[in-house]
1. Could you say whether any residue in the stretch 116-123 is open to solvent by 40 Å² or more (accessible area, probe 1.4 Å) and modelled with pLDDT of 95 or more?
2. Looking at (1) free of Cβ contacts under 8 Å to residues at least 24 places away in the same chain; (2) over 25 Å from Trp181 (Cα atoms); (3) open to solvent by 50 Å² or more (accessible area, probe 1.4 Å), can you tell me which one Trp252 breaks?
3. Exactly one condition in (1) surrounded by 16 or more Cβ atoms within 10 Å (Cβ to Cβ); (2) touching a Cys at 6+ places or on another chain (Cβ under 9 Å); (3) within 22 Å of Gln134 (Cα to Cα); (4) not acidic (Asp, Glu) is not met by Ile207; state its number.
4. So in the stretch 152-180, with the set limited to residues that are in contact (Cβ under 8 Å) with a residue 40 or more places away in the chain and open to solvent by 30 Å² or more (accessible area, probe 1.4 Å), which one is nearest to Leu205 (Cα to Cα)?
5. Does at least one position in the stretch 299-316 carry a residue that is open to solvent by less than 70 Å² (accessible area, probe 1.4 Å) and part of a loop (DSSP other than H, G, I, E, B)?
6. Go through (1) open to solvent by 30 Å² or more (accessible area, probe 1.4 Å); (2) touching a Phe, Trp or Tyr at 6+ places or on another chain (Cβ under 9 Å) and name the single condition Gln259 misses.
7. If I filter the stretch 277-293 for residues that are modelled with pLDDT under 95, open to solvent by 80 Å² or more (accessible area, probe 1.4 Å) and farther than 25 Å from Leu87 by Cα, do I get at least one hit?
8. Could you go through the stretch 84-91 and let me know if any residue there is assigned to a helix (DSSP H, G or I), surrounded by fewer than 21 Cβ atoms within 10 Å (Cβ to Cβ) and free of Cβ contacts under 8 Å to residues at least 40 places away in the same chain.
Amino acid sequence: MSHDWAQWLPMICGAVVAIAIFMYVMLDGFDLGVGLLMPMADGEDQRETMMNSVAPFWDGNETWLVLGGGGLLATFPLAFATLLPGLYGPVMLMLFALVFRGVAFEFRFKAQKKGRRVWDCCFWLGSSLAALAQGVMLGAFVQGFTLDAQGHIVGTPWLTWFCLFTGIGLACGYALLGACWLVLKAEGPLQARALLAARVLAFGLIIFIVGVSLWTPITQPEIAQRWFSLPNFLYLSQVPLFTAFLAGALLWSLHKRHQLMPFLCTIGLFLMSYLGLAVSLWPYTVPRVLTLWDTAAAPESQGFLLVGVVIFLPLVLFYTAFSFWVFRGKVRRHAGYE
C-alpha cells in the first residue's frame, strides 16, 4: 500500500502544481496583457479605463503564482533547489518586474497628470519584463537541462535564441489575452482599438505556436519520438487539431466582433499549448534529467500538504469566481479604485 502511495502522490501533487501554474498564466496573463497594451491607449480616459478593468483582480491573480511556486518547493524540493540557481536571472527579473509593476499600479492613481504618464510607462515596462522573463523560463524548460556531478545546472540554459523566441511569444499571447479582455470589458473607441489589436496579435500568437511546434521536435529527438511514433501519433494528434480549431474560432469571432468568445478561445489556445507542453515534458520536473519521483518529498509530507490543498484550494477558487462575478460587466473611467 505504501508503495502505491509513493507512486501516486507525486502525480497528484504534480497535477496540483500544474493547475496552479495554469491558473496563474490564465488569470495574471490578461492583466499583464493590459499592461503590455498601455501604449495603445488614446488619452488619459482610455488608460484609466484599462487600469480600472484589472484593478479588482491583478493582486488576487498573483495568488496562484505563490501557490504554484510554494507548491513546487513543498512537494518537489529537489526540483526547486535544482531549478532556481539555474534560472536566477529570469526569476529575479520576473519578481522585480512584478513588484515594480505593482508599485506603479498603486502610485499612478494618486499622481497628478504628468506623474501618471510616468507611472503608466513603469506599468508597461514591468508588465513587459515579467512576461518576457516567464517566456524565457518556459523556453529553458522545453530545451531541458544538463547537470554536473554535483547536481547543479550547467551554464545559462535560458540565454538562447529559442528562449528569446518563447519569451516574445508568451508576451504576444498575454497581450492577446489583454486585448480580448478589453474587448469584453470596454466600450466605444477603446473597445474598437482592442479589437484591432486582438486581430493582429491573434495572427502573431498562431505564428509563435506553429514556430515552437516545429522548432521543438526538430531540436529535441526525444520529444519528436513521443509525438510522431505509433500509436502515440493517433492519440496526440487531437491536441494540434483542436488547437487549429480554436485558432480558427478565434479569428472568426474577432471578425464577427463577438465580445466573450475571443477571450474564451484565447484561453483555450493557452490550455492546448499547456497540454502539449505537458505531453512533451512528462514525467520530468527537471526536464530530461529528474522525474516527479526523483524529486518528490517524503510521502508523509506530500500527504500532509494535500490535506491543506483540499481545504484551501476550494476557498481560493471560490474567492476568484466571486470576485469575477461581483465585478462583472463593462468598466468605465470613474467606475472604481480611487
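The values are calculated or read from the model by the stated rules, or taken from the named source; none is laboratory data. A quick note: this is a predicted structure, and the numbers were derived from the prediction, not measured. So basically every Cβ, Gly included, is an ideal-geometry build from the backbone, and we count neighbours across all protein chains shown. Side chains included, ligands, DNA and RNA excluded: accessible areas come from the protein's heavy atoms. Shrake-Rupley method; radii C 1.70, N 1.55, O 1.52, S 1.80 Å.
1. The initial filter retains those residues of the stretch 116-123 that are open to solvent by 40 Å² or more (accessible area, probe 1.4 Å), namely 117-119, 121.
With the extra rule that they be modelled with pLDDT of 95 or more, the set shrinks to none.
Looking through the stretch 116-123, none of the residues is open to solvent by 40 Å² or more (accessible area, probe 1.4 Å) and modelled with pLDDT of 95 or more.
2. Unmet condition: (2).
3. (1)
4. Going residue by residue through the stretch 152-180, those that are in contact (Cβ under 8 Å) with a residue 40 or more places away in the chain are 152-153, 156-159, 162, 165-166, 168-169, 171, 173-180.
With open to solvent by 30 Å² or more (accessible area, probe 1.4 Å) added as a condition, the list becomes 152, 156, 158-159, 165, 168.
Values: His152: 34, Thr156: 26, Trp158: 21, Leu159: 22, Phe165: 12, Ile168: 10 Å.
Filtering first and then ranking leaves Ile168.
5. No, the stretch 299-316 has no match at all.
6. (2) is the only condition that Gln259 fails.
7. Looking for residues that are modelled with pLDDT under 95, open to solvent by 80 Å² or more (accessible area, probe 1.4 Å) and farther than 25 Å from Leu87 by Cα, one finds none in the stretch 277-293, hence no.
8. Among the residues of the stretch 84-91, at least one is assigned to a helix (DSSP H, G or I), surrounded by fewer than 21 Cβ atoms within 10 Å (Cβ to Cβ) and free of Cβ contacts under 8 Å to residues at least 40 places away in the same chain, which makes the answer yes.
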